[in-house]
């Protein structure tokens with residue numbers, strides 16, 4: 001089903017322009033913050049002032065303007081583009097719990113004839129296979145590996161004006177400049193901004209955001225290797241590639257700065273009992289994660305306090321697929337699964353025969369295709385990451401990756417990371433409440449063992 005990608009600003013500060021103009025004045029104007037805001041209301045000089053301050057490079061003033069955007073019937077490719085923006089908040093329709101059989105997929109408007117037929121045949125093949133797997137009892141979180149990145153996603157994005165300008169410019173002049181669907185969505189958003197906050201529009205110009213239109217774009221050659229099916233236990237392999245040499249010393253120094261009157265010797269437990277363990281942010285850890293599915297990356301990228309590198313979807317190797325255990329355990333379904341993906345891979349190989357279809361190779365990527373990524377998190381974010389992703393209710397791929405990461409962290413710095421685990425292990429009760437897995441005692445016993 002073809003549906004037009006839509007973006008609608010559904011919420012915003014009603015005094016966006018007044019607030020930003022007040023922020024521009026506060027450091028040079030007499031009066032308190034509230035008085036300055038009151039004087040800014042309906043001030044005809046607001047717009048010119050905002051533009052002047054922005055042109056001088058002081059862009060923090062527009063961080064006070066906030067928008068919530070509803071995006072619907074957008075491709076998963078668009079979703080991935082947006083959620084990699086870490087200074088924004090996202091909530092996305094889950095592929096673990098929602099049936100996507102009839103939610104449709106994006107069709108580029110310039111496809112016609114044989115190209116359109118090839119594109120729709122590929123997508124329909126995979127959507128039909130997805131639905132068949134669900135009907136055969138395969139969980140949604142495993143059937144979703146068949147979904148192509150054209151499938152329609154729905155999500156909310158809450159973002160300040162400064163970060164929004166970065167996204168719009170990245171679409172118009174950067175890595176999204178040759179993606180028609182992104183261009184259309186950016187135009188929809190800008191048209192609404194022209195009414196809601198006209199003083200911001202100048203920020204969507206390439207010169208305002210230092211875009212020169214020369215950012216390198218990935219050009220896929222669509223050459224496919226021999227098809228490879230990789231089993232669940234072989235995917236998602238993390239490797240700790242960078243860590244602090246003396247983490248205990250770093251924490252000791254940081255803790256004494258924060259607690260100058262401390263008499264007793266420093267102990268990590270002092271930090272863990274703190275309600276504000278900022279010292280943990282001084283420890284950074286980098287992981288290379290090999291053979292993670294495209295679906296798996298979404299569980300990692302939603303953690304905002306990290307630096308993450310994800311290759312462009314255009315670079316995905318279409319010939320590498322995961323075989324989830326639920327499908328492997330059913331010989332009939334496994335045979336059908338491999339047959340469908342082999343057929344899909346053969347269709348991808350023929351993209352090189354069409355100059356137009358080659359431009360849309362990213363929509364042919366599957367949620368179950370495998371890539372390598374890299375992430376750097378500080379120890380405080382890792383504490384939250386492990387608490388959520390090592391939980392028995394977490395999706396199995398990200399749970400397995402998290403536990404493998406935790407094992408390496410415990411080897412590196414056991415004094416701290418032996419204390420990390422799922423919520424029940426850290427808190428002594430299940431934070432999932434009535435949605436508990438019912439295995440709290442077993443989980444606590446497991447994570448109490450350093451070797452896991």
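Listing for the model above:
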{"quantity": "Region 81-171: C-alpha gyration tensor shape, a/c 1.5 cut-off, then a/b vs b/c", "calculated": "oblate"}
{"quantity": "Principal axis box of region 1-81, alpha-carbon based, largest edge first, Å", "calculated": "59, 24, 19"}
{"quantity": "Reduced Cα scattering model of region 355-394, Debye log10 I(q)/I(0), q = 0.31 Å⁻¹", "calculated": "-0.98"}
{"quantity": "Theoretical ellipticity at 222 nm over the chain - DSSP helices of four or more residues, -39500 (n - 2.57) apiece, nearest 500", "calculated": "-12500 deg cm²/dmol"}
{"quantity": "Residue 352 versus residue 55: modelled label distance in nm, points set 7 Å from Cα along the beta carbon direction", "calculated": "5.2"}
{"quantity": "Distance in nm between pseudo-label sites at residue 343 and residue 234 (7 Å out along the Cβ direction from Cα)", "calculated": "2.4"}
{"quantity": "Alpha-carbon centroids, region 323-400 and region 1-60: separation in whole Å", "calculated": "42"}
{"quantity": "Relative contact order (%) - criterion: Cα under 8 Å, at least six apart; region: the chain", "calculated": "17"}
{"quantity": "Over region 268-373: Kirkwood hydrodynamic radius from C-alpha pairwise inverse distances, Å", "calculated": "17.0"}
{"quantity": "Region 303-452 - convex hull of alpha carbons, volume per residue in Å³", "calculated": "151"}
{"quantity": "Calculated FRET efficiency for the pair residue 272/residue 241, C-beta based, R₀ 22 Å, to 0.05", "calculated": "0.30"}
{"quantity": "Cα shape, region 87-135, gyration tensor, a/c 1.5 rule", "calculated": "oblate"}
{"quantity": "Compactness of the chain as Cα Rg over 2.2 N^0.38 Å, two decimals", "calculated": "1.10"}
{"quantity": "Ordering of 48-54, 445-451 by burial proxy (mean other Cβ atoms within 10 Å per residue, highest first)", "calculated": "48-54, 445-451"}
{"quantity": "Packing-based ranking, highest mean first, of 114-120, 25-31 given that Cβ atoms within 10 Å are counted", "calculated": "114-120, 25-31"}
{"quantity": "Spin-label model distance (nm) - residue 263 vs residue 332, 7 Å beyond Cα toward Cβ", "calculated": "7.5"}
{"quantity": "Alpha-carbon Rg with Dmax, taken over region 372-452, Å", "calculated": "12.1, 36"}
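Bear in mind these aren't lab numbers, they're just calculated from the coordinates by the rules spelled out. Everything numeric in this text was worked out from a predicted model, so none of it was measured. Quick reminder, even Gly has a Cβ in these numbers, built from the backbone with ideal geometry, and neighbours come from all protein chains shown.
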